[in-house]
Amino acid sequence: MKLKQFLIAVCIGTMFAACSSEETPTQNSGGVPINFTANIQNLVPSVVTRVADGTDGMVTTSFPENSEIRLGEGNPGTTDSYITNSSSSWTYTSSSDKQYLPYDKDSKRIVAFFPAPTSSVSGIVNIQGGNVSVSSDQSSIDNYKSSDLLGAIATVTKDNVESVSLNFKHLCSKVIVNVKNGSGNVSGYTITMKNIYTTAAMPLSGGNFTFMTNYFQNNGSVKLGVSSSTEGQAAIIIPQTIAQDVELFEVTKDDVTYTFTTTESITLKSGYSYTFDLKFENTEIGFGSVTISNDWGTDPDKSTPIEGTLSEKTT
């Protein structure tokens, strides 16, 4: 009889243990799944540098269908995930590759990039190993779009884990160059921006997007392109300070080359657009009035034109 009671007690204890195991979450389950929404930050309401398929105008104002975002806890690594836009709803590209808030943590930082960086591809922006690069030939629309890297940093907590908002902003600078003569804009010129950084380190340990160019040589160049009816040739550039007396632009047509050399330093900041009006007259040329598309802010520290002269290059 005592043996029978003992066996019953053992069975009941085992049942309670099983129930307890099912009801108590474990670290093996990863934590609470994180769900996301994504938008362009209010200060940057549209993505004018996104070119709609089949057009040459910079008109796209929202994330295109099937856009993919890469996100993780820091620089891209093995723990990163992807989310895809479908009918204005964001879902994980792979259901087995989710981000989680661990049960034993109150918060977690998520860093996201769009376009989703992939392995290092020549001519396309990437952030592999914590480095950001822009294309050296942005006369290609695809290279131009890919160079316009957007980023978002969000803090996930137990209160917002069901819908974490990713507010994206432009991380690079945008440069527009208009070539002019006495009668207005002229076309047919090849424009190259020279002596600039095209790669920068981006450490994320401080919780901000910061470009560090001191590890690289500023002897790179970017070929501009993507002309439209509303602006001249354009390029996406790593934020940086360009020194005085630097041969910054080279303008070529019919085997004749002209150059623009800075007469003062120029600082290009993240999320701002800078317009250069280059004139053929042997007189002053300057920045022109900085009129910014509605998604790029006006740099409050650059209201004075940068003066210089455009001269024919001799060999």
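The values are calculated or read from the model by the stated rules, or taken from the named source; none is laboratory data. Everything numeric in this text was worked out from a predicted model, so none of it was measured. All Cβ positions, even for glycine, are placed from backbone atoms using ideal geometry, and neighbour counts span all protein chains on display. Calculation scope for accessible area: heavy atoms of the full protein, side chains included, ligands and nucleic acids excluded. Shrake-Rupley method; radii C 1.70, N 1.55, O 1.52, S 1.80 Å.
Brief remarks on what is shown
- The residue of the stretch 236-254 that is surrounded by the most Cβ atoms within 10 Å (Cβ to Cβ), among those that are outside any strand (DSSP E or B) and β-branched (Val, Ile, Thr), is ILE238.
- Residue within the stretch 75-82 that is at pLDDT below 80, open to solvent by 50 Å² or more (accessible area, probe 1.4 Å), part of a loop (DSSP other than H, G, I, E, B) and closer than 20 Å to VAL175 by Cβ present: no
- Residue match in the stretch 142-150 (condition: outside any strand (DSSP E or B) and among the hydrophobic types (A, V, I, L, M, F, W, C)): yes
- All of (1) at pLDDT below 80; (2) in contact with a Lys or Arg (Cβ under 8 Å, 6 or more places away or on another chain); (3) open to solvent by 50 Å² or more (accessible area, probe 1.4 Å) hold for THR60 with one exception: (3).
- For the condition of a type in the set (D, E, K, R) and under 29 Å from PHE168 (Cβ atoms), LYS269 qualifies.
- Condition check for THR267: open to solvent by 20 Å² or more (accessible area, probe 1.4 Å), of a type in the set (Ser, Thr, Tyr) and within 16 Å of SER135 (Cβ to Cβ): no
- Close contacts from the stretch 261-275, counting a first residue that is closer than 20 Å to VAL251 by Cα and a second that is part of a loop (DSSP other than H, G, I, E, B) and of a type in the set (Gly, Ala, Ser), with Cβ to Cβ under 6 Å and a gap of 6+ residues or different chains, come to THR275/GLY288.
- Any hit, the stretch 279-290, residues being modelled with pLDDT of 90 or more, over 21 Å from the mean Cα position of the chain (by Cα), within 16 Å of LYS180 (Cβ to Cβ) and not in a loop (DSSP other than H, G, I, E, B): no
- For the residues PRO203, PRO239, the requirement of being closer than 26 Å to ASN131 by Cβ and modelled with pLDDT of 90 or more singles out PRO239.
- The stretch 144-190, residues that are exposed (fewer than 15 other Cβ atoms within 10 Å of the Cβ), free of Cβ contacts under 8 Å to residues at least 60 places away in the same chain and under 24 Å from TYR92 (Cβ atoms): THR155, THR157, ASP159
- Checking LEU166 against (1) assigned to a strand (DSSP E or B); (2) modelled with pLDDT of 90 or more, the condition it does not meet: (2)
- Screening ILE110, ILE141, ILE124 for residues that are closer than 30 Å to THR190 by Cα and either modelled with pLDDT under 80 or open to solvent by less than 50 Å² (accessible area, probe 1.4 Å) (or both) leaves exactly one candidate, ILE124.
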